[in-house]
Protein chains: 2
Amino acid sequence: MRTALVIGTGLIGTSAALALVGRGVVVHLADHDPEQARTAAALGAGMDEEPRGPVDLAIVAAPPAHVAATLADAMRRGVARGYLDVASVKGGPRRELESLGLDLSAYIGSHPMSGREKSGPLAATGDLFEGRPWVLTPTRDTDTDVLNLALELVSHCRAVPVVMDADAHDRAVALVSHMPHLVSSMVAARLENAEEAAVRLCGQGIRDVTRIAASDPRMWIDILSANPGPVADLLADVSADLDETVQALRALQSSDEAKRREGATGIEDVLRRGNVGQVRVPGKHGAAPTVYESVVVLINDQPGQLARIFADAGAAGVNIEDVRIEHATGQQAGLVELMVKPTVAPVLTAALRERGWAIRQ
Amino acid sequence: MRTALVIGTGLIGTSAALALVGRGVVVHLADHDPEQARTAAALGAGMDEEPRGPVDLAIVAAPPAHVAATLADAMRRGVARGYLDVASVKGGPRRELESLGLDLSAYIGSHPMSGREKSGPLAATGDLFEGRPWVLTPTRDTDTDVLNLALELVSHCRAVPVVMDADAHDRAVALVSHMPHLVSSMVAARLENAEEAAVRLCGQGIRDVTRIAASDPRMWIDILSANPGPVADLLADVSADLDETVQALRALQSSDEAKRREGATGIEDVLRRGNVGQVRVPGKHGAAPTVYESVVVLINDQPGQLARIFADAGAAGVNIEDVRIEHATGQQAGLVELMVKPTVAPVLTAALRERGWAIRQ
């Protein structure tokens with residue numbers, strides 16, 4: 001790939017442009033708002049000028065609702081050899097393009113699985129996609145050349161290509177992202193009118209469950225509007241589980257021993273299925289989940305304490321896989337949980353003890 | 001408090017005993033399984049011998065279902081001046097004691113809000129309660145002396161006392177712990193039979209939402225069995241939200257523009273209520289949530305990298321409030337997100353840049 005045209009210079013478009021420029025690709029930038037394209041150009045993401053002839057790849061980074069129209073316009077103008085979009089849903093845009101009667105052999109739908117809280121070209125960075133899955137949805141009709149251009153883009157962005165069917169992709173993101181997002185919001189919504197004394201008792205569990213409920217509703221309305229079917233189906237499944245669980249809990253209140261046993265069995269069922277599902281969530285390396293062992297160190301909240309712990313771990317040759325800092329309620333003291341491979345946990349414990357750290361048994 | 005009797009030497013009982021012994025209190029240990037009490041004694045948590053006369057405080061740390069009977073037995077034998085239990089629900093045990101016709105002026109129900117994945121005396125540690133809320137549920141009939149004994153225990157364990165009504169406590173833990181736990185399990189349960197390709201797309205969002213679904217079902221059946229009413233009420237509220245959200249998503253699939261707008265409004269409503277609720281979840285210091293700013297550093301997965309980052313932050317006098325390590329999918333590279341007070345974020349960014357770290361914009 002020597003030349004590219006990025007249409008839509010928001011966070012994703014500008015980030016991809018920056019990555020391509022970094023790899024020596026000549027990038028042209030366009031946006032329905034010329035000011036946005038100028039900003040992206042000023043950031044070094046390419047030139048805000050129309051290319052003179054067709055480029056190798058046109059990357060359409062418009063909001064889901066505008067993707068098909070923007071792609072159709074670009075294809076009719078023949079601006080590129082290959083066309084790719086990066087919208088977070090894939091089935092709808094493809095069907096819209098098909099209904100327009102366009103030849104889609106030069107088109108491939110894609111979805112880079114990364115984003116940030118911020119948006120716009122100023123939030124863009126060439127490493128936005130680094131190590132993240134980037135879904136490609138070729139069909140039997142997709143030109144191999146176009147697939148290869150897409151793979152080259154993914155490689156330049158140092159993302160990990162994942163090939164999927166468009167509708168399978170939409171069901172997958174409904175499962176791993178859209179449905180959990182709405183459920184997290186519903187748990188958080190219960191706190192809206194909760195008493196202050198109750199809220200004080202919140203711990204790490206509810207903090208984790210509700211973290212993503214802090215996201216911008218406008219962006220999420222766009223995402224959910226483009227994928228309502230699969231999300232509704234999954235929420236309906238959750239709802240069925242929920243109703244059964246409410247029944248099981250009501251049975252636990254019964255004075256009838258047999259009913260109570262039945263209730264406990266119902267609760268156990270959902271908890272066990274939760275166990276099985278949770279194990280499937282990939283660990284941070286995207287592989288099968290690695291079971292780490294944790295070493296818990298007591299600290300006070302002074303600068304330098306974490307530095308010393310990590311320096312001491314490093315001196316012992318131990319690689320920390322993950323960290324969780326749990327501070328005490330209303331106090332300036334807390335615990336640092338260091339996650340390490342099970343084989344090195346005793347090494348780390350011994351090394352930190354030797355250097356005077358208090359380790360929880 | 002000079003003497004105490006701990007009845008039930010599992011994780012909580014033995015941890016409290018260790019904390020009391022550490023403060024010079026003479027602790028007697030008892031368990032329905034004498035082997036457990038012997039183990040606790042061997043760990044330095046006290047003596048596995050009956051006290052000769054009444055102790056100052058009897059601490060009953062039996063499973064919820066056995067709390068009332070164990071307390072009643074201890075009170076009838078007159079083993080202490082004051083009686084306290086540590087069960088994770090408070091309304092049921094109190095009503096059971098009342099139905100036994102006992103004088104409850106010497107009794108106070110309590111609940112230390114801490115625990116671990118592990119159980120039994122071997123998992124115990126004297127700092128288990130450090131900085132955590134410890135709920136006390138005195139009534140108008142509770143002797144002030146007994147309340148003060150309980151406050152002394154909480155202080156010795158370096159926990160933070162929170163006074164609540166027993167039923168308010170049960171509703172509060174249903175809200176901040178029991179309901180989120182079941183909902184997390186239900187989200188995780190959706191992954192049980194998911195396709196591998198879909199599971200590969202999991203990111204930090206679903207990882208956080210489903211983390212607590214990994215817990216031991218047996219322990220949770222006990223907890224939920226003791227508090228089914230408030231949990232069922234909250235789940236029914238979530239279910240109502242869920243059903244409305246499914247309707248809203250179905251409306252988004254409509255060809256009627258007005259219906260689609262109605263659907264979007266419904267989705268926006270639940271997302272916005274989620275925003276409002278999420279903000280109420282206390283930060284790690286238990287106070288109003290502090291908004292930290294994050295500084296994101298690129299690393300590779302070598303030992304010593306984190307140590308260097310923390311050492312460099314420490315050298316700049318910056319206190320890291322929280323850390324999140326996000327590794328790349330299938331690669332040995334990733335990002336470290338350092339959460340700091342907003343005022344020091346530019347200081348940290350500059351200091352790390354100067355020392356050669358790549359900081360995400």
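The values are calculated or read from the model by the stated rules, or taken from the named source; none is laboratory data. As the structure is a computational prediction, the values presented were derived from the model and not from experiment. With ideal geometry, Cβ positions are generated from the backbone for all residues, glycine too; neighbour counts draw on all protein chains shown.
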Could you grab the pairs with beta carbons closer than 6 Å, sequence gap of 6+ or different chains, first residue in region B:350-361 and within 12 Å of chain A (Cβ to nearest Cβ), second one surrounded by 12 or more Cβ atoms within 10 Å (Cβ to Cβ) and among the polar types (S, T, N, Q)? B:Ile359/B:Thr349; B:Arg360/A:Thr125; B:Gln361/A:Thr125
Go over the candidates A:Pro133, A:Pro112 one by one and state the one that is in contact (Cβ under 8 Å) with a residue 60 or more places away in the chain, within 27 Å of A:Val79 (Cα to Cα) and in the same structural domain as A:Glu35 (by TED's automatic domain parsing). A:Pro112
Does A:Arg200 qualify as being over 22 Å from the mean Cα position of the chain (by Cα) and over 30 Å from A:Ser119 (Cβ atoms)? yes
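Residues are listed down the side, and each one gets a yes or a no for (1) over 24 Å from the mean Cα position of the chain (by Cα); (2) at pLDDT below 95:
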{"residue": "B:Pro63", "(1), (2)": "no, yes"}
{"residue": "B:His66", "(1), (2)": "no, yes"}
{"residue": "B:Met75", "(1), (2)": "yes, no"}
{"residue": "B:Asp85", "(1), (2)": "no, no"}
{"residue": "B:Leu100", "(1), (2)": "yes, yes"}
{"residue": "B:Ile108", "(1), (2)": "no, no"}
Are any of the residues in region A:216-228 closer than 29 Å to B:Glu268 by Cβ and among the β-branched types (Val, Ile, Thr)? yes
Might you check whether a residue that is part of a loop (DSSP other than H, G, I, E, B), charged (D, E, K, R), under 24 Å from A:Ala45 (Cβ atoms) and touching an Asp or Glu at 6+ places or on another chain (Cβ under 6 Å) occurs anywhere in region A:118-131? no
Residue by residue through region A:215-261, note down the ones that are of a type in the set (Ser, Thr, Tyr) and at the interface with chain B (Cβ under 7 Å from one of its Cβ atoms). A:Ser225, A:Ser239, A:Thr245
Extreme residue, surrounded by the fewest Cβ atoms within 10 Å (Cβ to Cβ), among residues of region A:327-341 that are modelled with pLDDT under 80 and either closer than 25 Å to B:Ala315 by Cβ or more than 7 Å from chain B (Cβ to nearest Cβ) (or both): A:Gln332
Output the number of residues of region A:262-286 satisfying the condition of being more than 7 Å from every other protein chain (Cβ to nearest Cβ) and of a type in the set (Gly, Ala, Ser). 3
Those residues that are surrounded by fewer than 17 Cβ atoms within 10 Å (Cβ to Cβ), within 14 Å of A:Ser185 (Cβ to Cβ) and of a type in the set (A, V, I, L, M, F, W, C), I need them from region A:215-254; list them, please. A:Met219
Condition check for A:Ala198: crowded, with 16+ Cβ neighbours inside 10 Å, more than 7 Å from chain B (Cβ to nearest Cβ) and not polar (S, T, N, Q): no
Regarding B:Gly126, is this residue of a type outside the set (Ser, Thr, Tyr) and under 28 Å from A:Glu337 (Cβ atoms)? yes
Are any of the residues in region B:281-289 at pLDDT 80 or above and within 25 Å of the chain's Cα centre (by Cα)? yes
What single numbered condition from (1) touching a residue at least 24 places away in the same chain (Cβ under 8 Å); (2) among the basic types (Lys, Arg); (3) farther than 30 Å from B:Gly44 by Cβ fails to hold for B:Arg95? (1)
Go through region A:141-191 and give me each residue that's assigned to a loop (DSSP other than H, G, I, E, B) and either more than 7 Å from chain B (Cβ to nearest Cβ) or at positive phi (or both). A:Asp141, A:Thr142, A:Asp143, A:Cys157, A:Arg158, A:Ala159, A:Asp165
So for region B:100-111 (the condition being in a loop (DSSP other than H, G, I, E, B) and of a type in the set (Val, Ile, Thr)), does at least one residue qualify? no
